[in-house]
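What follows is a set of notes on a single structure, which appears directly below.
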Amino acid sequence: MSEPVLGAVGLLALVLSAVATVVAVVALRRTAAGNRRRVRRAVPPDLDAVARAVSDLRVDATRALRHLAVVRYDAFGDMGGHLSWSLAVVDDEGDGVVLTAIHGRSDTRTYAKNVSDWSSSTQLSPEESEAIALARR
């Protein structure tokens, strides 16, 4: 196969692995939340109990990874096509992950960095910071 085709296949594999990672994180969070909710699944006998249940659901929803943004760019000046990307996936409190794939001529590197309160203890690239800022909107 030609080099552009191999690069495209590699990029596709990388994107699929990133999506699988995000799905796995969401599934783990939902499983934990589902286990907590299973205990409270009984039909509440009064309106106050319904109000408390709705309040609990709102709290659970803030922990859902529902803010995401992708920034595509050229990591190297001699390459085009915006094949490199940074993906931020965070909850309402700004906790989550930013995934980055840097596409070069001969290889692609991926990075995952934890995000807490809309920032990271690991140094972020400008594109990663931009993805987090876009997810925050």
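The values are calculated or read from the model by the stated rules, or taken from the named source; none is laboratory data. Computed from a predicted model, the values in this text were never measured in an experiment. All Cβ positions, even for glycine, are placed from backbone atoms using ideal geometry, and neighbour counts span all protein chains on display.
Annotations for the structure displayed:
- In the set 117, 56, only one residue is acidic (Asp, Glu), on the phi > 0 side of the Ramachandran plot and modelled with pLDDT of 80 or more; that residue is 117.
- Per the conditions (1) touching an Asp or Glu at 6+ places or on another chain (Cβ under 7 Å); (2) within 24 Å of residue 30 (Cβ to Cβ), the sole criterion not satisfied by residue 114 is (1).
- Near pairs, Cβ below 9 angstrom, 6+ apart or cross-chain, from segment 111-122 (surrounded by 12 or more Cβ atoms within 10 Å (Cβ to Cβ)) to any residue that is of a type in the set (Lys, Arg): 118/136; 120/113; 122/113
- Restricting segment 1-53 to residues that are of a type in the set (D, E, K, R) and closer than 19 Å to residue 97 by Cβ, the residue that is modelled with the highest pLDDT is 29.
- Pair list, Cβ < 7 Å and 6+ apart or interchain, from segment 80-104 residues that are surrounded by 18 or more Cβ atoms within 10 Å (Cβ to Cβ) to residues that are of a type in the set (Asp, Glu): 84/74; 86/127; 86/128; 98/128; 100/128
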